[in-house]
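Asks: Once you've had a glance at the structure underneath, I'll fire off some questions.
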Amino acid sequence: MNNTAIYGVFDNEDSLLSAVRKISDRGIQITDVVSPYPIEELFHILKLKTRIPVLAFMYGVFGMLATFGFLYWTSVVNYPLVFGGKPQNTLSFVIVIFVMIINITIASTLTTFFLREKKGPGAVPKYDYPGMTDDKYFIIIEKSAELDADAVNALLKSGGAIEITEK
């Protein structure tokens, strides 16, 4: 794989989406799109799929079962205490279970994301461009032998790119 890429820099979301549509309609493979915030419409245009919501749900179910099992074991099996004749297996720890579901789901989902994307301390960015993490939008297209760079540059320019660079 060639390490050279074409970077199209945009200053607003609408021109980015317009350019992504034009490039996708031409059958050109877009390697990556970088924006300061998630744009849900990009998932539909680029036909991207993610399993993160399903994994988050499964982590939440695991968190609920693990927390309930731990609370039941500590309050009923291992160290039962009777307070004022109340039964030991009550719904008194619903709030604890709710909070732990949130904590376990968030921690597990973030861990999954960082492991899957190979992010973390010491990670080397795949694409580096000055100001990429600021307020600009980027379309990154890997160059290959069969890619017509001039046609891609023309599409990016007609889509509203304020800067086009090859690195």
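Asks: Could you list, in sequence order, the residues of region 143-167 that are acidic (Asp, Glu) and in contact (Cβ under 8 Å) with a residue 60 or more places away in the chain?
Replies: Scanning region 143-167 gives Glu163, Glu166.
Asks: On to the next question. Examine region 78-95 for a residue that is closer than 30 Å to Thr112 by Cβ, in the same structural domain as Ser108 (by TED's automatic domain parsing) and surrounded by fewer than 16 Cβ atoms within 10 Å (Cβ to Cβ), and state whether such a residue exists.
Replies: Yes; the residues of region 78-95 include at least one that is closer than 30 Å to Thr112 by Cβ, in the same structural domain as Ser108 (by TED's automatic domain parsing) and surrounded by fewer than 16 Cβ atoms within 10 Å (Cβ to Cβ).
Asks: I would also like to ask the following. Considering region 25-48 alone, what residues qualify as being part of a helix (DSSP H, G or I) and in contact (Cβ under 8 Å) with a residue 24 or more places away in the chain?
Replies: Result: Glu41, Leu42, Ile45.
Asks: Out of Pro121, Pro125, Pro130, which single residue is surrounded by fewer than 13 Cβ atoms within 10 Å (Cβ to Cβ), free of Cβ contacts under 8 Å to residues at least 60 places away in the same chain and either in the same structural domain as Glu13 (by TED's automatic domain parsing) or over 20 Å from the mean Cα position of the chain (by Cα) (or both)?
Replies: Pro130
Asks: Next question. Just to be sure before I move on: is Lys22 within 30 Å of Ile141 (Cβ to Cβ), within 28 Å of the chain's Cα centre (by Cα) and in a loop (DSSP other than H, G, I, E, B) in the structure I sent?
Replies: No, not satisfied.
Asks: Given the conditions (1) within 20 Å of Leu155 (Cα to Cα); (2) within 14 Å of the chain's Cα centre (by Cα); (3) not acidic (Asp, Glu), and given that Gln29 satisfies all but one, which numbered condition is not satisfied?
Replies: Among (1) within 20 Å of Leu155 (Cα to Cα); (2) within 14 Å of the chain's Cα centre (by Cα); (3) not acidic (Asp, Glu), Gln29 violates only (2).
Asks: All but one of (1) under 18 Å from the mean Cα position of the chain (by Cα); (2) modelled with pLDDT of 90 or more; (3) among the polar types (S, T, N, Q) hold for Thr50, so report the exception by its number.
Replies: Of (1) under 18 Å from the mean Cα position of the chain (by Cα); (2) modelled with pLDDT of 90 or more; (3) among the polar types (S, T, N, Q), only one is false for Thr50: (2).
Asks: To continue, here is another question. Output the residue which, of all residues in region 139-152 that are under 28 Å from the mean Cα position of the chain (by Cα) and not in a loop (DSSP other than H, G, I, E, B), is surrounded by the most Cβ atoms within 10 Å (Cβ to Cβ).
Replies: Ile139
Asks: Moving on to the next point. Just for region 73-113: of the residues that are farther than 30 Å from Ile52 by Cβ and not in a loop (DSSP other than H, G, I, E, B), which one is modelled with the lowest pLDDT?
Replies: Leu91
The values are calculated or read from the model by the stated rules, or taken from the named source; none is laboratory data. This one's a predicted model, so the numbers in the text were calculated from it and none came from an experiment. Note that each Cβ is placed from the backbone with ideal geometry, even for glycine, and that neighbours are counted across all protein chains shown.
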